[in-house]
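Here is the structure we will look at.
The values are calculated or read from the model by the stated rules, or taken from the named source; none is laboratory data. Predicted model only: the values in this text are computed from it and were never measured. Cβ coordinates were reconstructed from backbone atoms using ideal geometry, including for glycine residues, and neighbour counts include every protein chain displayed. Please note that ligands, DNA and RNA were not included when accessible areas were found on the heavy atoms of the full protein model with its side chains. Shrake-Rupley method; radii C 1.70, N 1.55, O 1.52, S 1.80 Å.
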Amino acid sequence: MKSKVTLKEIVGTKIIYAVLLVSYYWMWARRDWHDYYDVIQNAVVTFTIVFFVIQAARIRKYSKEEKDELAIQNLRRTDAIGLKIMVAAAIVIAFACAVKAIDGTVAGYALVGMILVLAVIRFVIFCVMDSKGV
């Protein structure tokens, strides 16, 4: 934990946030129940609490360090690309709901799945842009 916190690490941990979002949506939206779901829920809640505590310390440390201006510009470009992808995906999901191709539960899974996919795409694009020094 004494190493320098990079923006790449901060962006990469957004994937874990997205996985947690998908996990919590699954817990809220499911319609069946099995006994082992309690174990899964308790593990996810415990991991979430520990992860947030560790992440808060890392973000606090990052905020005290000198910022890499090129990396911040690359992150802004990456976010602009991600916004365009998310808007297109939201339009497709909304249209599919409007024409009754999918129901509300499937639309919810599609949205949280898209957020997960977008977090991974954002990380990959940021790493490529940051490595090339764009």
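Need the failing condition index for Val44 against (1) within 30 Å of Asp68 (Cα to Cα); (2) in a helix (DSSP H, G or I), just the number.
(1)
Tell me which residues, restricted to the range 49-86, are under 17 Å from Gly12 (Cβ atoms) and of a type in the set (Ser, Thr, Tyr).
Hits for the range 49-86 are Tyr62, Thr78.
All but one of (1) under 17 Å from Thr6 (Cβ atoms); (2) touching a residue at least 24 places away in the same chain (Cβ under 8 Å) hold for Gly113, so report the exception by its number.
Only one criterion is unmet by Gly113, namely (1).
Test Arg76 against the stated conditions and say whether it is at pLDDT below 90, open to solvent by 70 Å² or more (accessible area, probe 1.4 Å), assigned to a helix (DSSP H, G or I) and among the basic types (Lys, Arg).
no
Name the one entry in Val19, Val87, Val45, Val53 that is within 18 Å of the chain's Cα centre (by Cα), farther than 29 Å from Cys127 by Cβ and hydrophobic (A, V, I, L, M, F, W, C).
Val45
Report whether or not Glu65 is open to solvent by less than 80 Å² (accessible area, probe 1.4 Å), over 20 Å from the mean Cα position of the chain (by Cα) and of a type in the set (Asp, Glu).
In short, yes.
Could you say whether any residue in the range 57-73 is touching a Lys or Arg at 6+ places or on another chain (Cβ under 7 Å) and modelled with pLDDT under 90?
yes
Exposed (fewer than 12 other Cβ atoms within 10 Å of the Cβ) and of a type in the set (S, T, N, Q): which single residue out of Thr46, Thr6 fits that description?
The unique qualifying residue is Thr46.
Quick check: is even one residue across the range 12-32 of a type in the set (A, V, I, L, M, F, W, C), open to solvent by 70 Å² or more (accessible area, probe 1.4 Å) and at pLDDT below 90?
So far as the range 12-32 goes, yes, one or more of its residues are of a type in the set (A, V, I, L, M, F, W, C), open to solvent by 70 Å² or more (accessible area, probe 1.4 Å) and at pLDDT below 90.
Would you check which residues across the range 95-104 are in a helix (DSSP H, G or I) and surrounded by 12 or more Cβ atoms within 10 Å (Cβ to Cβ) and list them?
Matches in the range 95-104: Ala96, Cys97.
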